[in-house]
Amino acid sequence: MSLLDIMNTNKKLVMPAPESALKGRNESIMKPGAHFVLGNSIAAPFPSQCQQVLFGLGCFWGAERKFWNCDGIYTTAVGYAAGLTPNPTYEEVCSGMTGHNEVVLVVYDPSQMSFDKLLKLFWESHDPTQGMRQGNDRGTQYRSGIYCFTEEQLQAAQASLQIYQQALAASGLKEITTEILPAPEFYYAEEYHQQYLAKNPNGYCGLGGTGVSCPE
């Protein structure tokens with residue numbers, strides 16, 4: 001790897017300043033349709049009993065599959081959030097100049113799937129101690145994050161972080177770097193990214209957990 005390559009890689013590990021972020025665009029880059037696996041719409045309006053949460057845990061292809069396979073999930077979608085650039089493209093996000101994270105929108109029925117169970121799946125499906133990377137995937141878009149739509153979700157996410165941190169520390173692992181924030185605006189990723197691993201069963205999935213279970 002050349003010095004220039006190293007410098008460019010390191011740049012992608014730092015959030016861009018607002019004045020240097022890409023400008024983006026006013027219009028959405030896609031028109032959301034039906035979920036390839038579940039058949040339900042991936043865009044609102046959703047059934048009144050459903051709740052929403054955004055999770056970032058590395059490359060969103062494998063992350064989305066983790067959630068659509070669960071009982072009680074109405075729909076899922078992949079997109080970009082927690083950055084600066086409106087309606088970014090995948091290439092723009094990968095440049096490191098939008099600040100966005102690759103995230104999964106999870107719409108679930110709490111009478112069938114509890115938020116605590118979703119948090120357990122989130123923690124155990126990736127390594128939340130790696131900062132701006134997940135495995136070999138490096139960049140701000142691969143950071144660990146929970147983006148909550150209610151105060152109750154925020155409190156539960158923060159409490160679960162403390163519980164899982166204790167479990168990781170007991171196994172000799174590092175501090176959790178997961179950001180937990182009120183849900184920012186969610187921008188749908190391009191259609192070909194939606195339910196990618198259902199359309200491409202042999203596609204790339206770089207997810208790997210720590211091997212430490214999260215106490216319930």
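Coordinate-derived values only; no laboratory data. Since the structure is predicted, the reported quantities are computational estimates derived from the model, not experimental observations. Please note: Cβ atoms are built from the backbone with ideal geometry, for glycine as well, and neighbour counts cover all protein chains shown.
Mind checking which residues of region 162-192 are surrounded by fewer than 19 Cβ atoms within 10 Å (Cβ to Cβ), in contact with a strand residue (DSSP E or B) (Cβ under 8 Å, 6 or more places away or on another chain) and not in a loop (DSSP other than H, G, I, E, B)?
GLU179, ILE180, LEU181, PRO182
Search region 197-216 for residues that are outside any loop (DSSP other than H, G, I, E, B) and pair each with any residue that is surrounded by 17 or more Cβ atoms within 10 Å (Cβ to Cβ) and not small (Gly, Ala, Ser) when their beta-carbon atoms are under 6 Å apart and the residues are at least 6 apart or on different chains.
Pairs found: LEU197/TRP61; LEU197/ARG65; ALA198/VAL37.
Quickly run through region 138-185 and pick out the residues that are of a type in the set (S, T, N, Q), within 16 Å of the chain's Cα centre (by Cα) and farther than 16 Å from PHE122 by Cα. Before you say what the answer is, go through the steps one by one.
Residues of region 138-185 that are of a type in the set (S, T, N, Q), as a first pass: 140-141, 144, 150, 153, 155, 158, 160, 162, 165-166, 171, 177-178.
Right, trim to within 16 Å of the chain's Cα centre (by Cα) and you get 140-141, 144, 153, 177-178.
Across region 138-185, the qualifying residues are THR140, GLN141.
If you go through region 105-115 one residue at a time, do you hit one that is within 20 Å of PHE149 (Cβ to Cβ), surrounded by 21 or more Cβ atoms within 10 Å (Cβ to Cβ) and under 13 Å from the mean Cα position of the chain (by Cα)? Spell out how you get there, then give the answer.
First, pick out the residues of region 105-115 that are within 20 Å of PHE149 (Cβ to Cβ): 105-115.
Next, only the ones that are surrounded by 21 or more Cβ atoms within 10 Å (Cβ to Cβ) stay: 105-108.
Now drop any that are not under 13 Å from the mean Cα position of the chain (by Cα), which leaves 105-106.
Scanning region 105-115 turns up at least one residue that is within 20 Å of PHE149 (Cβ to Cβ), surrounded by 21 or more Cβ atoms within 10 Å (Cβ to Cβ) and under 13 Å from the mean Cα position of the chain (by Cα).
If you check TYR142, TYR147, which single one turns out to be out of contact with any Leu (no Cβ under 6 Å at 6 or more places or on another chain), of a type in the set (Phe, Trp, Tyr) and buried (at least 24 other Cβ atoms within 10 Å of the Cβ)? Spell out how you get there, then give the answer.
Values: TYR147 fails: out of contact with any Leu (no Cβ under 6 Å at 6 or more places or on another chain).
None of the other options fit; the residue is TYR142.
For region 25-133, which fully contained helices (runs of 4 or more DSSP H) count at least 1 residues that are closer than 18 Å to GLU191 by Cα?
Details: elements: 60-68, 90-94, 115-124.
In region 25-133, 60-68, 90-94 are the helices (runs of 4 or more DSSP H) which contain 1 or more residues that are closer than 18 Å to GLU191 by Cα.
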